[in-house]
Amino acid sequence: MIIKSMSRKEPSFSQLINYITRDRSLEKYDIFHNVFSSSPEEALVELEDNARLLPKRKNGVVLYHEILSITKSDEIGIEEQKQALSEIVRRYIGERAGENLVFGGLHDEKDNNLHYHLVISANANGVSKRTRLSKAQFAKIQKELEAHVLENYPQLRQQVAINKVAERKLSEPGAQLQKRTGQMPKRNEMIAKLARLFEADSKSDAASLLQAEGLAFYQRGKTIGVTNLETGRNHRLKTLGMIEDYSDFKARIELGELKEQTVLAQKTEKKSDEQAQKEKAELERQAAEQEQRHKEVAQEQERQRQQQLQAERQRQKEEASRQAEDAERLQRAQETTRQVERQKRAEERQRQQQVEQIQKEQAERMERMSDNTRAIDQAARSEPEAQPDKKTGLRDMLEARREQMKRLRNRFSRKKGRTRS
């Protein structure tokens, strides 16, 4: 396994957390240490707030970006390896930054390794003083952690990297040959070349050294070796005892590339942040203008609505007034109609009374005329021998009375007919 620590003197928490969360494996492997939040966004706020406690100092460290990497194993599943690495990283954080704020994310985009990126605050939680860790203390933590991994996680199949012995002794036959002839054996010469090669810090440096030494790596299945291009002879790294050195070299080169990618990503992210800030400012300006336009439109709509509401109220008021006037006119008309009907009924009763009075008077008159006629008839019959002139006068009188009664009856009948109609 490999542990790499890089200090930063600028509070670039946002850029680093964005880089970690953008390419991380799964959220469930995120690590929050001494952070009350449960999301990267909230953890960013806590880290920035805690960093503000640090006193201003030239070249003062604000945070650490650290990477813990292990090579992938073929013996167990990838999820089990991720879980194991998560436990290892948590143990490392407890030893390395027990009181500090830490956020971490797991990356698995590489074909041959898993690695964690950690953001570690330079000061303990709520403390203004920077946490100091000497190189010796840091080296001790690294070595003890590697020993712990080799002892407790054998299924990960990690090679010794941090605790390995740097020197490599010659074999006994090789030492005797060198003592007799003063020349290094070919095998040990190849080992020395590879040892120099494996000290390269970058892929380009390693390629230059390979070309300078006239060497080329090859792989057949799981067997990895090196070819001497001058002699055409192949040497297996396992036979040379350099397979672990090769694995460490490869992991270191990949970690260096990862670091370069991280730096490049940081620069790109910084440019992106600047561009994002400009775009954000432009968006905020456009949003403010749009909000102002929306506000003006809303005010105009409200003004129009108030006008419409006022016009509607006025219309309703006028309509209510018209309805009241119509109701009043209708009521007056109904009252007039009732008065006319009452007057008609009164006049009708009056006419009826007049007709009845006339009928009564006519009846009485006819009764009197009938009485007179009977009296005349009786008188005429009682005089046996009235003079002709006198009888004639009585008959004429009687005939005149009858004619008068007939006219009265006709007149009464006509009046009665008109009354009924």
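Ranked by the mean number of other Cβ atoms within 10 Å of their residues, highest first, the peptides 114-122, 19-27 fall in the order 114-122, 19-27. Sorting the segments 227-234, 197-204 by their residues' average number of neighbouring beta-carbon atoms within 10 angstrom, most packed first, yields 197-204, 227-234.
For the listed peptides 39-45, 257-263, 341-347, a ranking on the average number of other beta carbons within 10 Å per residue, highest first, reads 39-45, 257-263, 341-347. Lysine pair count for the stretch 1-160 (Cα-Cα distance under 18 Å; residues 8 or more apart in sequence or on different chains): 15.
Output the DSSP H helices from the chain with an along-axis C-alpha extent of no less than 18 Å and a mean Kyte-Doolittle hydropathy no less than -1.0. Span-like helices in the chain: 78-96, 135-152. Rounded to the nearest 20, the size of the Cβ-charge dipole of the chain about its Cα centre is 2200 debye, with Lys and Arg at +1 and Asp and Glu at -1. Within the stretch 53-90, the GluC sites (Glu not before Pro) that combine a DSSP coil assignment with at most 10 other C-beta atoms in a 10 angstrom radius are Glu75. Among the trypsin sites (Lys or Arg not before Pro) found in the stretch 50-152, those both in a DSSP coil and sparsely packed, with 14 or fewer other Cβ atoms within 10 Å of their Cβ, are Arg52, Lys56, Arg57, Lys58, Lys129, Arg132. Rg ratio for the chain: its Cα radius of gyration over 2.2 N^0.38 Å, N being its residue count, equals 2.92.
Considering only Met6, Gln354, Pro55, and ranking their Cα positions along the charge dipole of the chain that arises from unit charges at the beta-carbon of Lys, Arg, Asp and Glu, the one farthest toward the positive end is Gln354. Using all pairs of distinct alpha-carbon atoms, the Kirkwood hydrodynamic radius of the stretch 1-160 works out to 16.1 angstrom.
Secondary-structure-derived ellipticity at 222 nm for the chain, considering helices only, amounts to -23000 deg cm²/dmol, per-run term -39500 (n - 2.57) for DSSP H runs with n ≥ 4.
Could you let me know the centre-to-centre spacing of the stretch 287-349 and the stretch 128-152, using Cα atoms, in angstrom? The two parts, judged by their Cα centres, are 89 Å apart.
Considering only C-alpha atoms, what is the centroid distance from the stretch 1-42 to the stretch 67-98, in Å? Rounded to whole Å, the Cα centres lie 15 Å apart.
Values in this text are rule-based calculations from the coordinates and carry no lab data. Only a predicted model underlies this, so the values are computations on that prediction, with no experimental measurement involved. Quick reminder, even Gly has a Cβ in these numbers, built from the backbone with ideal geometry, and neighbours come from all protein chains shown.
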